[in-house]
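Trainee: Shown below is the structure under consideration.
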Amino acid sequence: MKTRLLLSAAIVLCLLAWGAVPRLGAGDKKDFKDFMEMGKPGQEHKILQSLTGTFDTKVKFWMDPKGQPNESTGVMKRQLIMGGRFLQEMYEGKINDMKFFGLGLLGYDTQKKKYTSVWVDSMSTSMMNTTGAYDADKKTFTFLSEGDDPYSGIKMKNRDVLRIVSDTEQIMEMFRQPSDGKQPEARNMEIRYTRKAKISRD
């Protein structure tokens, strides 16, 4: 009984935080059912399933678009969490012999009708938030954002493109452009993901 009361209180607090309770009339079960239905993962979330798994990565990073890239390797682990609502990304690698860690969350917001993501890593104190869409014909996610570059402080337009090449390969390309439009968009990073082969235990 105590557990049920605590769970009910937690649900009410969540509804209050989302501003949903004032819209629910006394005994209005239909509205509450619709609200709960809206929170269920849908077809857009199933697309994230193809991104799950453990991948070896080859990374190229350009400080100067015309120069030679800095190259590194790493491992990306992705899994669905929260009942299939979000894709969790855990990255570990090296940059110039320094350990690098990253953590991301990717989901589909049924209210905004957009994919959303957040990313944090061990090279910055900033959170990167993006919104995007999925092109089923091209099997490509495109995420857009705008914000201050954590290294230069310049306001940038960001475009990140993740293409599903096959079940075993994906390619991410990141493009940046100063928001004032005085410079052209330039690619500053490429990440190639190759799915690790599953070890047979037969």
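Trainee: Just how far, in whole angstrom, is the stretch 148-172 from the stretch 72-147 if you go by their alpha carbon centroids?
Mentor: 9
Trainee: Over 23 Å between C-alpha atoms is what I'm after, so list which of Lys60/Lys157; Lys112/Lys155; Lys99/Lys182; Lys46/Lys112; Lys99/Lys157; Lys157/Lys182 land there.
Mentor: Cα-Cα > 23 Å for Lys112/Lys155; Lys99/Lys182; Lys99/Lys157; rest within.
Trainee: A further question on this structure: List the equivalent ellipsoid semi-axes of the stretch 44-195 in whole Å, largest first, each obtained as the square root of 5λ for an eigenvalue λ of the Cα gyration tensor.
Mentor: Over the Cα atoms of the stretch 44-195, the semi-axes work out to 24, 19, 15 Å.
Coordinate-derived values only; no laboratory data. Owing to the predicted nature of the structure, the values given are computational and were not obtained by experimental measurement.
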